[in-house]
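Q: Here it is, the structure in full.
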Amino acid sequence: MGIKILVVHGPNLSLLGERERDVYGTVSLEDINSALIRKAEELGVELIVFQSNHEGQIIDEIIARRKEVDGILINPAGLTHTSVALLDCIRGVNLPVVEVHLSNIHAREEFRRKSITAQSALGLISGFGLDSYLLGLEALVSHIRREGK
Ligand code: DQA
């Protein structure tokens, strides 16, 4: 079986394109998903894409998919800075996780500088807009391949 990745978009990312354009630009979530699907085809991997505004639904999805996927690409959005529950979930499922952010979370308000969730991630890519996701997917897939899948 080939490599399968769960892509998780957290709260308010469904509003991309309309939301705080000065920070996030005009790219929509659909644009991001299309670019990710193209990149996944290039890399020869399969994606499952999920967005929710609800912390518990995100946790339920990760738990439900944990045996089906080889890794997780996640933008936890606002939950990045608050969610011990999501941190515990990511830690608990024991899958490689790459965290991505459109904006550079270190160049914004103080409260965004700390990522709780990144503590159990393989790595974090932040500040490159849509490219954060594409770079994150590449890094995750090459990690999984290096580990022998
Ligand atoms: C974000 C950064 C977070 O601080 C913010 O709450 C978001 C988006 C990003 O992709 O830049 O919703 O995760």
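Q: Report, by residue number, each residue of segment 116-133 that is within 17 Å of TYR24 (Cβ to Cβ) and in contact with a Ser or Thr (Cβ under 9 Å, 6 or more places away or on another chain).
A: ILE125, SER126, GLY127, GLY129, SER132
Q: So how many residues does segment 74-111 have that are acidic (Asp, Glu) and at pLDDT below 95?
A: Of the residues in segment 74-111, 2 are acidic (Asp, Glu) and at pLDDT below 95.
Q: Filter segment 57-77 for residues that are open to solvent by less than 40 Å² (accessible area, probe 1.4 Å) and not in a strand (DSSP E or B); which is nearest to the ligand (Cβ to nearest atom)?
A: ALA77
Q: Exactly one of (1) at pLDDT below 95; (2) open to solvent by less than 40 Å² (accessible area, probe 1.4 Å); (3) aromatic (Phe, Trp, Tyr) is unmet by TYR133. Its number?
A: The failed condition is (1).
Q: Could you please find all residues in segment 109-121 being more than 9 Å from the ligand (Cβ to nearest atom) and over 23 Å from GLY92 (Cβ atoms)?
A: Of everything in segment 109-121, those that are more than 9 Å from the ligand (Cβ to nearest atom) and over 23 Å from GLY92 (Cβ atoms) turn out to be GLU110, ARG113.
Q: What number goes with the only condition from (1) assigned to a loop (DSSP other than H, G, I, E, B); (2) under 17 Å from GLU138 (Cβ atoms) that ARG38 does not pass?
A: Failing condition for ARG38: (1).
Q: While we're looking at this one, here's another question. Yes or no: HIS106 within 11 Å of the ligand (Cβ to nearest atom) and buried (at least 19 other Cβ atoms within 10 Å of the Cβ)? Steps first, answer last, please.
A: Values: within 11 Å of the ligand (Cβ to nearest atom): yes; buried (at least 19 other Cβ atoms within 10 Å of the Cβ): no.
It is false that HIS106 is within 11 Å of the ligand (Cβ to nearest atom) and buried (at least 19 other Cβ atoms within 10 Å of the Cβ).
Q: Tell me, yes or no, whether segment 17-31 has at least one residue that is open to solvent by 80 Å² or more (accessible area, probe 1.4 Å), farther than 17 Å from GLY136 by Cα and modelled with pLDDT of 95 or more.
A: Yes, segment 17-31 contains at least one residue that is open to solvent by 80 Å² or more (accessible area, probe 1.4 Å), farther than 17 Å from GLY136 by Cα and modelled with pLDDT of 95 or more.
Q: I would also like to ask the following. Which of the residues belonging to segment 2-15 are open to solvent by less than 10 Å² (accessible area, probe 1.4 Å) and farther than 17 Å from HIS143 by Cα?
A: Of everything in segment 2-15, those that are open to solvent by less than 10 Å² (accessible area, probe 1.4 Å) and farther than 17 Å from HIS143 by Cα turn out to be VAL8, HIS9, GLY10, LEU13.
Q: Restricted to segment 109-136, and to residues that are among the small types (Gly, Ala, Ser), assigned to a loop (DSSP other than H, G, I, E, B) and under 14 Å from LEU86 (Cβ atoms), which residue is nearest to the chain's Cα centre (by Cα)? Walk me through it before giving the result.
A: Within segment 109-136, the first condition is being among the small types (Gly, Ala, Ser), and the residues that meet it are 115, 118, 120-121, 123, 126-127, 129, 132, 136.
Subsequent filtering for residues that are assigned to a loop (DSSP other than H, G, I, E, B) retains 115, 121, 127, 129.
Those still in the list that are under 14 Å from LEU86 (Cβ atoms) too: 115, 121.
Details: SER115: 13, ALA121: 10 Å.
The qualifying residue nearest to the chain's Cα centre (by Cα) is ALA121.
Q: Can you find a residue in segment 122-129 that is more than 10 Å from the ligand (Cβ to nearest atom), under 26 Å from GLY56 (Cβ atoms), at pLDDT 95 or above and open to solvent by 70 Å² or more (accessible area, probe 1.4 Å)?
A: Yes, because at least one residue in segment 122-129 is more than 10 Å from the ligand (Cβ to nearest atom), under 26 Å from GLY56 (Cβ atoms), at pLDDT 95 or above and open to solvent by 70 Å² or more (accessible area, probe 1.4 Å).
Q: Still on this structure, please answer the following. Quick check on LEU87: is it open to solvent by less than 30 Å² (accessible area, probe 1.4 Å) and of a type in the set (A, V, I, L, M, F, W, C)?
A: yes
Q: Another question, then. Taking the conditions exactly as written (within 13 Å of the ligand (Cβ to nearest atom), out of contact with any strand residue (DSSP E or B) (no Cβ under 8 Å at 6 or more places or on another chain) and in contact (Cβ under 8 Å) with a residue 24 or more places away in the chain), does VAL8 satisfy them or not?
A: no
Q: Hey, another quick one. Evaluate the following for ARG91: is it in contact (Cβ under 8 Å) with a residue 24 or more places away in the chain, within 18 Å of HIS9 (Cβ to Cβ) and charged (D, E, K, R)?
A: no
The values are calculated or read from the model by the stated rules, or taken from the named source; none is laboratory data. Here the structure is a predicted model, which is why all the values come from computation and not from measurement. All Cβ positions, glycine included, derive from the backbone under ideal geometry; neighbour counts span all protein chains shown. Only protein heavy atoms, including side chains, enter the accessible area calculation; ligands, DNA and RNA are left aside. Shrake-Rupley method; radii C 1.70, N 1.55, O 1.52, S 1.80 Å.
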